[in-house]
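Just so it is clear, none of the values below were taken in a lab; they were calculated from the coordinates. Just so we're clear, the structure is a prediction, and the values are computed from it rather than from any experiment. Note that we place each Cβ from the backbone using ideal geometry, even for glycine, and neighbour counts take in every protein chain shown.
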Amino acid sequence: MLRKIRSEGRSSAQLEQLLSTISLEDLISLKLELLSRLTKGKMYGLRLYDSMPYIAKDAVVKYAFSVCKNRKEVAGLLGISYVRVKKIEYQKKLKQLFSTEKE
């Protein structure tokens, strides 16, 4: 994931160093505050609280696919079955997201 974001010009070593000093909770809060500014505080109806488990799982799945060499490693890291990994990969279209082909 890091390689992909860097190649798109959306990250740098300096930004990554800065982000490493911020807790995940504070980073999420910061992102929400920035979104609130863009929408002038009109974020009603987004069901943020109910969406958080999905957002967190999506982030963990993207991380696993970016650091693991194959689906078997992804399954081990996430603590789920190989079949479930394949299902998630298909649902989230991760083959298109990452350039390296998984086994």
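Restriction of the trypsin sites (Lys or Arg not before Pro) in the range 1-99 to DSSP coil positions whose beta-carbon has at most 10 other beta-carbons within 10 angstrom yields Arg10, Lys40, Lys42, Arg47, Lys69, Lys93. Among complete DSSP H helices in the chain, those whose alpha-carbon atoms stretch at least 20 Å along the helix's long axis and whose mean Kyte-Doolittle hydropathy reaches -1.0 are 24-38, 48-67. Working note: Cα gyration tensor of the range 1-43, eigenvalues times five, square-rooted, sorted largest first, giving semi-axes of 23, 14, 8 Å. Pairs with C-alpha atoms separated by more than 24 Å, drawn from the list Lys4/Lys86; Lys4/Lys69; Lys57/Lys87; Lys42/Lys62, are Lys42/Lys62. For the chain, a crude dipole built from +1 on the beta carbon of Lys and Arg and -1 on the beta carbon of Asp and Glu, taken about the Cα centre, is about 460 debye to the nearest 20. Loop-located GluC sites (Glu not before Pro) in the range 1-70 (DSSP state not H, G, I, E or B) with no more than 11 neighbouring Cβ atoms inside 10 Å: Glu8. For the chain, the relative contact order comes to 23 percent (Cα pairs under 8 Å, sequence separation of at least 6). Volume per residue of the convex hull around the Cα atoms, evaluated for the chain, comes out as 137 Å³.
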